[in-house]
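Heads up: the structure comes next, in structure tokens.
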Amino acid sequence: MLDKISTVVGVLLVVFFLLHSPAFGKEVIHVVGSEFSPDRLEINTCEEIEFINVDRVDHQFQYFVNGAKRTLYLLGQGVAGSPAPDTRIIELDSGTYEFRCIPHPWMHKLTIHVEVDDEKCRAERNSPPR
Ligand SMILES: [Cu+2]
């Protein structure tokens, strides 16, 4: 009985640490003045990409994953009633992706190049915090 309880507690602890481990190598892209900053990113597959829209207008970014259209909506700052900028976190498989804003075709595109899986990067990301 005690064995089972300690096993359950152990599993819960591992799950807790996995869920709360800091995202390793999270790259941030700000959208400011209808520009991507930066507008080019080279990352590894284990890294997350966080979009932060500090503009007061909504943006709607379109990109393609294996030929399938994906859309990323970001509300303008203050639009949703919260003063905090709208953010989205995505992950991408290896490849090159181009993001274009549908309502603002004059915006320069964002290019993200994702390199193949980096074992070391992934191992660090999945290890519990020290
Ligand atoms: Cu836009």
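The values are calculated or read from the model by the stated rules, or taken from the named source; none is laboratory data. From a predicted model like this one, the values you see are computed outputs, not experimental measurements. As a convention, Cβ positions derive from the backbone with ideal geometry for all residues, glycine included, and neighbour counts pool all protein chains shown.
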Query raised in the report: Which ones in segment 84-111 are more than 16 Å from the ligand (Cβ to nearest atom) and either in a loop (DSSP other than H, G, I, E, B) or small (Gly, Ala, Ser) (or both)?
Result: ALA84, GLU91, LEU92, ASP93, SER94, GLY95
**Report entry** Leading residue by the ranking (farthest from VAL32 (Cα to Cα)) among those in segment 101-126 that are β-branched (Val, Ile, Thr) and either surrounded by fewer than 14 Cβ atoms within 10 Å (Cβ to Cβ) or free of Cβ contacts under 8 Å to residues at least 12 places away in the same chain (or both)
**Finding:** VAL116
Requested in this report: Output the residues belonging to segment 63-83 that are closer than 27 Å to ALA123 by Cβ and not in a strand (DSSP E or B).
Outcome: ASN66
**Report entry** Positions within segment 32-62 being within 13 Å of the ligand (Cβ to nearest atom) and part of a strand (DSSP E or B), in sequence order
**Finding:** VAL32, GLU35, PHE36, PHE51, ASN53, HIS59, GLN60, PHE61, GLN62
Query raised in the report: For segment 14-31, what are the residues that are modelled with pLDDT of 95 or more and either within 12 Å of the ligand (Cβ to nearest atom) or farther than 20 Å from THR96 by Cβ (or both)?
Result: HIS30, VAL31
Query raised in the report: Residues in segment 25-70 that are under 16 Å from the mean Cα position of the chain (by Cα), of a type in the set (Gly, Ala, Ser) and on the phi < 0 side of the Ramachandran plot: how many?
Result: 1
Report task. Take the residues in segment 68-100 that are aliphatic (A, V, I, L, M) and out of contact with any strand residue (DSSP E or B) (no Cβ under 9 Å at 6 or more places or on another chain), then tell me which one is surrounded by the fewest Cβ atoms within 10 Å (Cβ to Cβ). Result -> ALA68
